[in-house]
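Just so you know, all these numbers are worked out from the coordinates, no wet-lab data involved. Nothing here was measured: the structure is a model prediction, and the numbers come from that model. Note that we place each Cβ from the backbone using ideal geometry, even for glycine, and neighbour counts take in every protein chain shown.
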Amino acid sequence: MFHKIDKEATLLINSIHSDFFDVVMIFFSNKKVWIPLYIFLIILIIWKERKKVWLILISIALLILLSDQIASGILKPLVQRLRPCHEALMYPFLHLPDGCGGKYGFVSSHASNSFAIAIFLFLYFNKNKWSILLLLWATIVSYSRIYLGAHYLGDVVVGGLIGVLLGILVYKCYKIFYQKTFYSEKAL
């Protein structure tokens, strides 16, 4: 039953398209396009954190590593759920403006990575305007994966949830380590 609803929701989202949004969604799905955003965020973190910048950057690197490995390194090969564009019964009904991608799609690495970063920075920036924009960015990136026919809705939702959980977990670890490091330096 869930798989049927997932397929229907995916086909519905994928069927609402235009030439303009094809370009927009391909843009948001392209990981290389994220590089300027990452550079901007690193500059913002360096400006805000100056003293302990190494700790936040290590936390973000760990977060990306965990998110990507859980999604692509563990779950995709373990579950082996075909992407919608690789399923013979789905393929004829899909709009695929950017090709298909790898064989397996559960879970979406794009959703996992973008939500992990967005949630971590949402907490780090104390829920300010920048962090709200990051949540919007993660949502658009995740939506783009369904729009482009690369993932089922369920792939994206579960990937996003993994990202949210990892973002919270790594942020909590960062805060604990930051407090221990900060207070131990004060004591010296």
Item to check | Over 31 Å between alpha carbons, listed pairs 51/76; 31/52; 7/127 | outcome: 51/76; 7/127
Checklist entry - Once amide H atoms are placed 1.01 Å from N in the peptide plane, what residues at a sequence separation of 5 or more from residue 103, or on another chain, have their amide H within under 5 Å of its amide H? => result none
Checklist entry - Under a Cβ-Cβ limit of 4.7 Å, which cysteines in the chain have nobody to pair with? => result 173
Checklist entry - To one decimal place, what Kirkwood hydrodynamic radius in Å is obtained for the stretch 2-187 from all pairs of distinct Cα atoms? => result 17.3 Å
Checklist entry - If the chain between residue 130 and residue 175 were fully stretched, how many nm would it gain, using 0.36 nm times the residue separation less the Cα-Cα distance? => result 14.2 nm
Checklist entry - For 85, 173, what's the fewest-to-most ordering of other Cβ within 10 Å of each Cβ? => result 173, 85
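Grab the beta carbon distance between residue 37 and residue 1, set R0 = 25 Å, and tell me the FRET efficiency rounded to 0.05.
E(calc), rounded to 0.05, equals 0.05.
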Checklist outcome for this item: Exposure proxy check on 123, 166: fewest-to-most Cβ neighbours within 10 Å is 123, 166
Next on the checklist: Under the 0.36 nm per residue contour assumption, what length would be gained going from the current alpha-carbon distance of residue 8 and residue 100 to full extension?
Outcome noted: 31.3 nm
Checklist entry - For the stretch 71-151, which semi-axes, largest first and in whole Å, follow from the square roots of 5 times the eigenvalues of its Cα gyration tensor? => result 29, 15, 6
Next on the checklist: Under 10 Å, Cα contacts only: if you run a Gaussian network model on the chain, which one of 71, 116, 88 comes out with the highest mean-square fluctuation?
Outcome noted: 88
